[in-house]
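The values are calculated or read from the model by the stated rules, or taken from the named source; none is laboratory data. From a predicted model like this one, the values you see are computed outputs, not experimental measurements. Quick reminder, even Gly has a Cβ in these numbers, built from the backbone with ideal geometry, and neighbours come from all protein chains shown.
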Amino acid sequence: MNTGTALVGFTLSFMAGAGLTWGVAEYEKASPSTSSTPGSEPASHASSPLPIGADDPSRGDAAAPVSIVLISDFECPYCARVKPTLDRIEKEYGAERVRVVWKHNPSPSHQSARPASEAAAAVHALGGDFWKFHDLVFGHQRELTRENLVRWASEAGVDASRLEAELKTQRSAAKVERDMALARKIGATGTPHFRINGKMLRGAQPFEKFKQLIDEQLAAADALAKTGVRRADVSLELTKKNFGAAPTPEKPKTPQAPPVDTTVWKVPVQADDPGVGPADALVTIVEFSDFQCPYCSKVGPTLERLRQEYPKDVRVVWKDFPMSLHPRAKPAAILSRFAYEERGNDGFWKMHDALFESQKNLDDESLQRIAETLGLDGQRARAALSSGRYEKKLNQSAGLVADFAVPSTPHFFINGRRLSGALPYEDFKRLVDEQLSVAQALVNKGVRRADVFRELMKSAQAAPEPEKKTVAAPTRDNPSRGPEKARVTITVFSDFQCPYCSKVTGTVEQMLAAYPKDVKVVWRHMPLSFHPNAPLAAEASQEAFAQAGNEGFWKFHDTLFANQKALARPDLERYAREQGLDLARFNAALDSHKHKAHVERDNEEARRAGIIGTPAFIINGYFLNGAYAFDKFDRLIQRALQGG
């Protein structure tokens, strides 16, 4: 399973909209909202054109005059991007006037979205905190592994055994199917898709687009209430009216094949990449593959047939892409690297064939047995699985996967031209023949066969620039480490109660150690709403900075992360006392919330930049969100040092 953005918790204060009269007083006049008052409960939305039931997670008052039905996908980046807008809606309208209802619509093109949706539906069904789970998923959208989904469910109040049992019943899968069927019925062909009292709004639109529709519906609610309609029924009645007046959704078009990518991509071939076929072949097929992927196994005969048909003109170069949903793919990749190290190309390809033949048995014992069958030292092979000495090579491939948007396995670049999936032989042959003609034309102009691929790559398209974000320059109040005039500034947005922020502290130390003269780290606070102790911990750390400068801050920082489960006020006081801070000043700062404005300013800067989860890093403008390994940071630092 895999997962990613957070919707907003609709628990904020009420703020009147400009020019609108639908407020708390009008609610009470229309119909009291307390459950003890007869007739105050909202009418059932089961018969609505947008039915809302107990199995639909929602935030806000069920009797709110505006209901926003959000049809979303946990892996969709645009669904993540809309969070700051929903944050702002929450602030300006409050729970009494607007509620949000979640519906699932995972895209088939997002391999982790469906498992994430089913896990989220199970969390809700079991009485867990859906919205906490939702926030964790969207806050770590690129880390949607099965292990993480289980962990986040546990943090949301549902332990692993209950989650697994619920998923096995298929009730959650059925809920997701119902939501997807509704999405198809109303023409919600993409995500995010919103219905605001039935009125449609597509995509991650700016706040002004939402405001226009919400204000319109609040005015309509005000008018409807004056006719005697109960407050609790207003949203339902408006939804029926608006949905009925909406144009009939277009029938979904017959799916079209995605446009052919004609770009020649500059995918590098390294000296230590396993390859098979002549070094001076005119066509190089770079293959990103996974030993546990059944489609990678399926495409093997196709590649072998190509090599037999073009014995002098085709070579295949292997790149590892062990996908997170295949837990034994990485150990298998490590064993293949061991075979390459021991026996070169011939050893690698023999191991390659043996691993695919044993694809359903890739546990450590089986891997050791495969190594011994191929004449390798079994004990050394098994030791290699945990040695870590191949991490750099695997991370290098992982970087290329990200740089060249490789979505899944198997994936190919044929002289730089992209081809995805275990396609029929004819699809490969067509592209190979085309590229063979291009290569032969270069040979006819005098380019040596051995130089053809290098020549093609000279004019090929390099990987797109990494994502960038801009934030305001730090102030003197932002703690930092490293030389003041460092060539690379790494701004860290973090949360002392976030386990992933704690996990990445070692990586930050690695960066500072690897680049002692070139890297400076600047800390900025981003306490997340579902971490109750994080805001005060942030204020406490800022007081440590006020009293003892950078050294005092980082010492307090380390203590907080080392004691993440003990961040209550008494704990903070104890840490301050142990560190030798002036406890009277410390307590006075916390009592008066002296540093709250600073913390909120940092948090607001993160929201303004569209940062939705922690830890988040901006490396001379390059953006990275998540607790990644050092190599991923290192690539961006190197790019920044080279003037990127």
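Tabulated values for the structure
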item: Complete set of residues in segment 143-171 that are in contact with a helix residue (DSSP H, G or I) (Cβ under 6 Å, 6 or more places away or on another chain) and part of a loop (DSSP other than H, G, I, E, B); result: Leu144, Ala156, Val158
item: Single residue of Asn395, Asn415 found to be within 33 Å of the chain's Cα centre (by Cα), on the phi > 0 side of the Ramachandran plot and either assigned by TED's automatic domain parsing to the domain that holds Thr302 or among the acidic types (Asp, Glu) (or both); result: Asn415
item: Residue match in segment 507-520 (condition: in a strand (DSSP E or B), in contact with an Asp or Glu (Cβ under 9 Å, 6 or more places away or on another chain) and assigned by TED's automatic domain parsing to the domain that holds Phe561); result: yes
item: Lone unmet requirement of (1) crowded, with 20+ Cβ neighbours inside 10 Å; (2) within 19 Å of Val101 (Cβ to Cβ); (3) of a type in the set (A, V, I, L, M, F, W, C) for Ala225; result: (2)
item: Meets criteria (in a helix (DSSP H, G or I) and either modelled with pLDDT of 90 or more or of a type outside the set (Phe, Trp, Tyr) (or both)) for Lys132; result: yes
item: All positions within segment 178-199 that are among the charged types (D, E, K, R) and either more than 23 Å from the chain's Cα centre (by Cα) or more than 15 Å from Phe74 (Cα to Cα) (or both); result: Arg178, Arg184, Lys185, Arg195, Lys199
item: Close pairs (9 angstrom Cβ cut-off, 6 or more residues apart or separate chains): more than 18 Å from Phe338 (Cα to Cα) in segment 391-404, buried (at least 16 other Cβ atoms within 10 Å of the Cβ) and among the hydroxyl-bearing types (Ser, Thr, Tyr) anywhere; result: none
item: Extreme residue, surrounded by the most Cβ atoms within 10 Å (Cβ to Cβ), among residues of segment 287-345 that are more than 16 Å from Pro424 (Cβ to Cβ) and of a type in the set (Asp, Glu); result: Asp320
item: Checklist (1) farther than 30 Å from Lys393 by Cα; (2) at pLDDT below 95; (3) crowded, with 21+ Cβ neighbours inside 10 Å; (4) touching a Ser or Thr at 6+ places or on another chain (Cβ under 9 Å) applied to Thr614, failing item; result: (1)
item: Segment 583-595 - residue that is in contact (Cβ under 8 Å) with a residue 12 or more places away in the chain and assigned to a helix (DSSP H, G or I) and, of those, farthest from the chain's Cα centre (by Cα); result: Arg585
item: Any hit, segment 107-115, residues being in contact with a strand residue (DSSP E or B) (Cβ under 9 Å, 6 or more places away or on another chain), more than 24 Å from Lys503 (Cα to Cα) and buried (at least 24 other Cβ atoms within 10 Å of the Cβ); result: yes
item: Residue in segment 545-582 that is nearest to Lys596 (Cα to Cα), counting only those that are of a type outside the set (Phe, Trp, Tyr) and in contact (Cβ under 8 Å) with a residue 40 or more places away in the chain; result: Ala546
item: Flag for Leu376 being at pLDDT 95 or above, in a helix (DSSP H, G or I) and more than 29 Å from the chain's Cα centre (by Cα); result: no
item: Residue, modelled with the lowest pLDDT, within segment 434-477, restricted to residues that are assigned to a loop (DSSP other than H, G, I, E, B) and closer than 20 Å to Val260 by Cα; result: Pro464
item: Pairs, first under 15 Å from Asn395 (Cα atoms) in segment 323-341, second modelled with pLDDT under 95 and among the aromatic types (Phe, Trp, Tyr), C-beta under 6 Å, six or more apart; result: Ile334/Tyr390; Arg337/Tyr390
item: Near pairs, Cβ below 7 angstrom, 6+ apart or cross-chain, from segment 226-237 (on the phi < 0 side of the Ramachandran plot and at pLDDT below 90) to any residue that is among the charged types (D, E, K, R) and not in a helix (DSSP H, G or I); result: Ala232/Glu41
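Residue-wise test of (1) among the aromatic types (Phe, Trp, Tyr); (2) under 20 Å from Ala629 (Cα atoms).
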| site | (1), (2) |
| --- | --- |
| Thr409 | no, no |
| Ala439 | no, no |
| Arg448 | no, no |
| Arg454 | no, no |
| Ala463 | no, no |
| Thr470 | no, no |
| Tyr500 | yes, yes |
| Thr507 | no, yes |
| Ala514 | no, yes |
